[in-house]
Structures are given as structure tokens and as C-alpha cells.
Amino acid sequence: MRHEISILIIGLFVVLTTASIVAATLSARAPKPLSVTLINLTQRINAWWVMVALMTVAFFFGRYGMTILFALISFAALREFVTLTHSRRSDHWVLLGMFGIIIPFQYWLVWTAWYGLFVIFIPVYCFLLMPAITALHGDTERFLERIAAQQWAVMISVYCVSHVPALLTLDVPGFQGRNLLLIAFLIIVVQGSDVLQYIFGKLFGKHRFSPTVSPSKTWEGLIGGLVASSLLGALLSFITPFTPLQASAVAFIACTMGFLGGLVASAIKRDQGVKDWGHLIEGHGGMLDRTDSLVFAAPIFFHIVRYFWTV
Amino acid sequence: MSKLALKTYTLLQTVTSVSLSAMAWAVTGVRPIWSGSQPSERQRIYFANHTSHGDFILLSACLSERERAITHAIAAAEYWGKSRLRRFIAEDMLSSVLISRQWTSEEQNPISIMLSVLDQGHSLILFPEGTRNMSDEPLLPFRSGLYNLSMARPDVELIPCWIENMSRVLPKGQFLPVPLLCRIVFGTPVAVAPGEDRRAFLDRAHDALQALNPRPARDD
């Protein structure tokens, strides 16, 4: 596995260095003051350096690193989601429970690889008990809206995100001890697809995909990004249990889900009247702005691998 | 007080303020929005809406280390002076200034106490509603302190600061905070206009503060 990880790190280093050089060259040639897009591009690339560095560090700590990192990502994402949606004073204990019980318990389930409870804890138990607690508090003002928002908050920020480290619990014959690479594959392909869609959109984007939801998404960006990231998936098949063809198909599905995740996240933000989820990551917005695609891709990727590749 | 004790006190206060600011950031990701004023080491009175005990910690977390060292929150002696421990936390750890609402002797006069702090060149954090707002109103009517201070020391800038979301982080009667993102909007300084009467000024300052709320529809 060392060999593959070294190749990935070198690859990412080359890509980011190239990106930084391109951005610096563009900035040097562009008329001053620099356009918002160009400043944002540089901020985004700088943030990528930090994110890649953090992921690499977490990678070296293996199962510990991944579980803790994604629990923290869930924390940041949940905080952004709950901040944005409506809640009332009487929701205090439910909200506390989301941070103090649901996140630790869900990641404990990941850690102990208790698959049976991992998949139903939030969609069954929390789904039923959270509104019950809210009802017991007796405050019915905008009740359905509040419990729906709480449900969505934990499903998106905790349940879906926890499927990334849960990839470590899958038992793929002939791939034992190398599951970290599945995480690397998923993240590189899905985040790569975001970047590729952005690049194709900026270069060739003409026809808007959904003007009412997300004016920045174009058909050209979508198709270019999906084709390119499927190829990227095939290229990375050497770190997976997949053949190149399988890898590109899996990458295609994951990235399509990722695109839809971005679209849904945009619709929620538009509904709530904000542009970004938060300001945690310079140039990108909040944690959810960066992970919305991963959130939608991770559970589907997890179940594809689990259904077709495990015993 | 001996020099050594003085040093320990400043160290204690520095450690407290740095760790509280770090904690405030970890829980609420607190972020200043400078909208009408800029960070400055000028002498100021920051006046803010008050919904939670955590308010001034959040506000001072948005100031630079140097400003924080010379900025004191005004707190109610009725609550913070109740026991020796509370007084220690308020005065020695948080370097806040205690005033009583029901004062009898002249040395307890809140305005004189606050003026004496201003006369040392220090800044204040003031909650002109006079108490934590537990009502459904976004902001209670202001009490007179802000007007009196401004009339007595017209050179001190009055900066309105809207603290967002703290009522959701730590609602009435709760002691465990829910981690939600908070912003503090620092607005344009207000000043008493020539000939402006007390109530008119207080209402104007009140409206200026309330107008800073970035998402008014959601404060219910």
C-alpha cells in the first residue's frame, strides 16, 4: 500500500503545484486590480494545499485518523446546517443530543464496525425519537419544519459523511488492509470531479443546467467534468479492487451523485437566502460547500462496493 | 498589591482571555463583520444586545489581544458579586467591572465607576438593555447609561455590536451551549447630536443596533 500512497501524494503534489503556477501566471498577466474570480481561484488553490495536507496527515494515522477526521467534519457540517435552519428554544436538548450523542455514537459504530446498527441508527431510531422528544416538549410552533430540518441535518452531516470512514470496515477479498485506498479513490474522484466541472464550466460553460437553483452549473461543465473524472477513475484503478472499466463506471456514478448533492445543497442555500454554508474554508465557503458532493456520493459508493465486492 | 501578585494577575487574565477566545471560536466559529467601523485601538464603548452570559466573551474574542487587555465588560454586581468565587471569575479572571443596579452610596454610582475606567484610557463593553433579554422582542429599550457616558466623555466612540445567534447557542436557563455559528456585526459609531434629548438618542442608538441584525426574520 505504501507504493500506491506515495504515487498518490506525488500526483497530488504535482497537480497542486501546477495549479498554483497557473494561477500565479494568470494573476501576473491579468490587469490590476485582479478580478474576483482570479482572487477566488488563488484562495481555492491555497485552501486545497491545506486540505490535502490535513488529509495526508490523517491518512498516516490510518483508522484512527480517518474516524476522528470525519467525526470533526461531521461536527463542522452539522453546525453549519443547524445554524442555517429554523429552531426554537424548546429544541435545545435535541440540538445538544445531535452534537453530543448522535455524532459520537455513529462514529463509535463505525469504529467497532457494527454494520447492522450503523445503517439504521439515524434513519430509524433517531428518525423516530428526535420528533418524539420535540413533541414531549409541547412546543408545536412550526413543528414539522423543525423536525424535518433536524432530520435532514443529521442525515446529511452525520449519517452520509460517516459512510466515508465506514469504507474501512468492508471486507473485500484480496484487498484486506488496503481499504484506506478506497477512501482515497472516492475523495480524489469526487473532489476531482468538482474541480474538473469548475474548470470545464469556466472554460466552455454556455448552457446553464439549472438557472433557478445554481446559475454557476452548466451542461458543458457537467459533461466535461463527468467524462474527465470517469477517466480519472480508470486511471486510479490500480489503487482499487476494480478493473479500469469498473473503476470508471463507479467513478461516474459517484460523481453523478456528487453533482446532485451540489445541486440539492444549492437549493437549500437558496431557500434559506444564503450564498455559502459558512466561512471555514477560505475561497470555498463552509465545510458543507466543500463536502456536499462527497455527502451524496459516499453512501452510494459504500453500498456499491459492499454489494458487488464483499463476500 | 506586590509586583509579583500583579504579574500573576495579568498572566491569569491573559491566559483566561486567550483560552476563552479559543473556546468561543471552537464552539461558535465566531467571526467579526466590520460594517461601518474598523478594528482600532481607539478608546471605545462597544454596546451590544444581551441574551446570554457568553455574550461578552464572544465580543472580546473578536478584538485583538491588545484591545482585549484594555477592554472591560460591565457586569451586574447583583449576579457576579454574589459569592467570592463569582467575583473572582468576573473581576480577576475576566477583568470585568461590576456595577449594582440598586446603589445606595456615591462610590457605588455606576456612572462614576464606568467613568473612572474610561479615564484610565480603557474601553468598555456595555449591554444597554440592562439585563439579559428573555422576551420575544429582538431588543429591549435602552437604559440611560449610554447617554450619560457619552455626554460626560464625548470623545469616546460608541460602536453598536449585534451579537448573532447567542440566544440559540445558550438559551435562558440552559448551561450547555449548542455549537452554532455566530457572527458579530460592528456598525457605524453613533454619537449624541447637538441638542438631542436623552430618550431620542437612546432610541436612535437602539434602532442603529437592531438594524445590524443580518437575519432579522429568523430571530424568533
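Taken together, the values in this text are just the output of simple stated rules run on the coordinates, not laboratory data. Nothing here was measured: the structure is a model prediction, and the numbers come from that model. Positions of Cβ are generated from backbone atoms using ideal geometry, with glycine treated the same way; all protein chains shown enter the neighbour counts.
3J(HN,Hα) along region A:265-275: 4, 4, 5, 5, 4, 4, 4, 8, x, 10, 8 Hz, from the Karplus curve 6.51 cos²θ - 1.76 cosθ + 1.60 with θ = phi - 60°, whole Hz, x for Gly and Pro. Taken along its principal axes, the alpha carbon cloud of chain B reaches lengths of 48, 42, 33 Å, longest axis first. Where Lys and Arg each count +1 and Asp and Glu each count -1, what net charge lies around A:SER266 among other residues with Cβ under 11 Å from its Cβ? Its environment carries a net charge of 0.
For region B:8-82, the Cβ-based charge dipole about the Cα centre amounts to some 80 debye (Lys, Arg positive; Asp, Glu negative; other atoms uncharged).
Take the Cα radius of gyration of the protein assembly as shown and divide it by 2.2 N^0.38 Å, N being the number of residues; the result is 1.12. Note that region B:53-69 has calculated 3J(HN,Hα) couplings of 4, x, 3, 6, 5, 5, 5, 6, 5, 8, 9, 6, 4, 5, 5, 4, 5 Hz, one per residue in order, obtained from phi through the Karplus relation 6.51 cos²θ - 1.76 cosθ + 1.60 (θ = phi - 60°); glycine and proline are x.
Of all segments of chain B bounded by chymotrypsin sites (Phe, Trp or Tyr not before Pro) found in a DSSP loop with no more than 16 other C-beta atoms within 10 Å, the longest spans B:1-102. The Cα-based radius of gyration and maximum Cα-Cα distance (Dmax) for region A:60-104 are 12.9, 43 Å. Computed on the Cα trace of region A:234-311, the radius of gyration divided by the Kirkwood hydrodynamic radius gives Rg/Rh = 1.10. Taking 0.36 nm per residue of sequence separation and removing the Cα-Cα distance, the A:ALA135/A:LEU38 pair yields an extension gain of 29.9 nm.
Using the Cα coordinates of region A:62-309, the gyration tensor eigenvalues translate into equivalent-ellipsoid semi-axes of 31, 25, 13 Å, sorted from longest to shortest.
Near B:LEU158, the amide H atoms lying under 5 Å from its own belong to B:ILE45, B:VAL190; only residues 5 or more places off or on other chains count, and H is placed 1.01 Å from N.
What FRET efficiency, computed as 1/(1 + (r/R0)^6) with R0 = 41 Å and r the Cβ-Cβ distance, is obtained for A:SER210 and B:ARG204, rounded to the nearest 0.05?
About 0.35, to the nearest 0.05.
Close amide H partners of A:LYS217, meaning residues 5 or more places away or on another chain with modelled amide H under 5 Å apart, are A:PHE209, A:SER210. In this simple spin-label model, placing a label point 7 Å from the Cα along the Cα-to-Cβ direction at both A:ARG63 and A:ALA148 gives a separation of 4.0 nm. Using the Cβ-Cβ distance between B:ARG215 and A:GLN176 with R0 set to 60 Å, the FRET efficiency works out to roughly 0.75.
Inter-label distance, A:ALA249 to B:GLU65: 5.9 nm, where each label sits 7 Å from its Cα along the C-beta direction. Starting from the Cα of A:VAL311, step 7 Å toward the Cβ, then list every residue of region A:175-191 with an amide N under 13 Å from that point. The answer is A:175-176, whose backbone nitrogens lie closer than 13 Å to the label point.
Relative contact order, whole percent, for chain B stands at 29, derived from Cα pairs under 8 Å and 6 or more residues apart. Close amide H pairs (under 5 Å, H built 1.01 Å from N) link B:ILE70 with no residue at least 5 positions away or on another chain.
Overall form of region A:1-77: oblate. Here a/c, set by the Cα gyration tensor axes a ≥ b ≥ c, is 1.5 or more, and a/b is not larger than b/c. With only the Cα atoms considered, region B:72-153 has a convex hull volume of 112 Å³ per residue. Modelled spin-label separation between A:LEU26 and B:ARG42, with each label point placed 7 Å from Cα along the Cα-to-Cβ direction: 3.9 nm.
Label zone of A:HIS86 (point 7 Å out along Cα→Cβ, amide N under 11 Å): in region A:140-165 this covers A:141-149. Between A:LEU260 and B:SER135, the C-beta separation translates, for a Förster distance of 51 Å, into a calculated FRET efficiency of about 0.75. Lysine pairs in the protein assembly as shown whose alpha-carbon atoms fall under 20 angstrom of each other, counting only those eight or more residues apart or on distinct chains, come to 6. Shown in residue order for region B:110-121 are the 3J(HN,Hα) couplings computed by the Karplus curve 6.51 cos²θ - 1.76 cosθ + 1.60 at θ = phi - 60°: x, 5, 5, 4, 5, 5, 5, 5, 4, 5, 7, x Hz (x for Gly and Pro).
Rounded if a/c is under 1.5, else prolate if a/b beats b/c, else oblate: with a ≥ b ≥ c from the C-alpha gyration tensor eigenvalues square-rooted, which is region A:114-204?
oblate
In the protein assembly as shown, taking the dipole from charged Cβ atoms about the Cα centre, the farthest positive-side position among B:GLY81, A:THR256, B:SER150 is held by A:THR256.
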